[in-house]
Amino acid sequence: MSASQARGALERVLTELGELAARARQSGDMVRIACVQDKQDRANAVVEVATGDLVVAQDAAADAPSRAFAGEKLGEAAQQLQGLVSKARACTGKEEASRPEGSNDVKIPQVVLPQDPTGPVTPGARGLPPIDPRPPVASPVL
């Protein structure tokens, strides 16, 4: 990956993450905001590391192996950032509609257990609680 391609990829990713963060803030959903903000913070950390590699890749005084290695690291950083963007999109729900496995809805059958204390059965029908055979204890505080 060349230095100009890497720079363009980094800028596009940061721009898209900024747009996703702005939309999340507009929605007012704190979970979405926190999720996108987390991905944005991670992306900023990756970009911070990639900035040094970008300088090395653009430096004409650097030797060829150093520039090649910096280019490889920039390519890896671009892949990491693409993964973070897809996770940020999932936070906002954009990819949830296209992926059925992304849904977290649960269908639980409505079953009332026979000994459910919150059920519609009256207290008399449940029976009395068991009687403790031990005598009552006096309070130690007088």
- Message: List pairs: first residue in the range 1-24 and farther than 15 Å from VAL56 by Cβ, second residue open to solvent by 20 Å² or more (accessible area, probe 1.4 Å) and modelled with pLDDT under 85 anywhere in the structure, Cβ distance under 6 angstrom, at least six positions apart or on different chains.
- Response: LEU20/THR92; ALA24/THR92
- Query: Restricted to the range 2-34, and to residues that are of a type in the set (A, V, I, L, M, F, W, C) and buried (at least 19 other Cβ atoms within 10 Å of the Cβ), which residue is farthest from the chain's Cα centre (by Cα)?
  - Reply: ALA6
- Which ones in the range 60-111 are closer than 17 Å to ARG32 by Cβ and either in a helix (DSSP H, G or I) or modelled with pLDDT of 85 or more (or both)? LEU84, VAL85, SER86, LYS87, ALA88, ARG89, ALA90, CYS91, THR92, GLY102
- Item | Top-ranked residue in the range 38-63 [being free of Cβ contacts under 8 Å to residues at least 40 places away in the same chain, open to solvent by 60 Å² or more (accessible area, probe 1.4 Å) and not acidic (Asp, Glu); ranked as nearest to ALA24 (Cα to Cα)] | ASN44
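The values are calculated or read from the model by the stated rules, or taken from the named source; none is laboratory data. Note that the coordinates shown come from a computational prediction; the quantities given were computed from them, not determined experimentally. FYI the Cβ positions are ideal-geometry reconstructions off the backbone, even for glycines, and counts take in every protein chain you see. Just the protein is used for accessible areas: all its heavy atoms, side chains included, with ligands, DNA and RNA removed. Shrake-Rupley method; radii C 1.70, N 1.55, O 1.52, S 1.80 Å.
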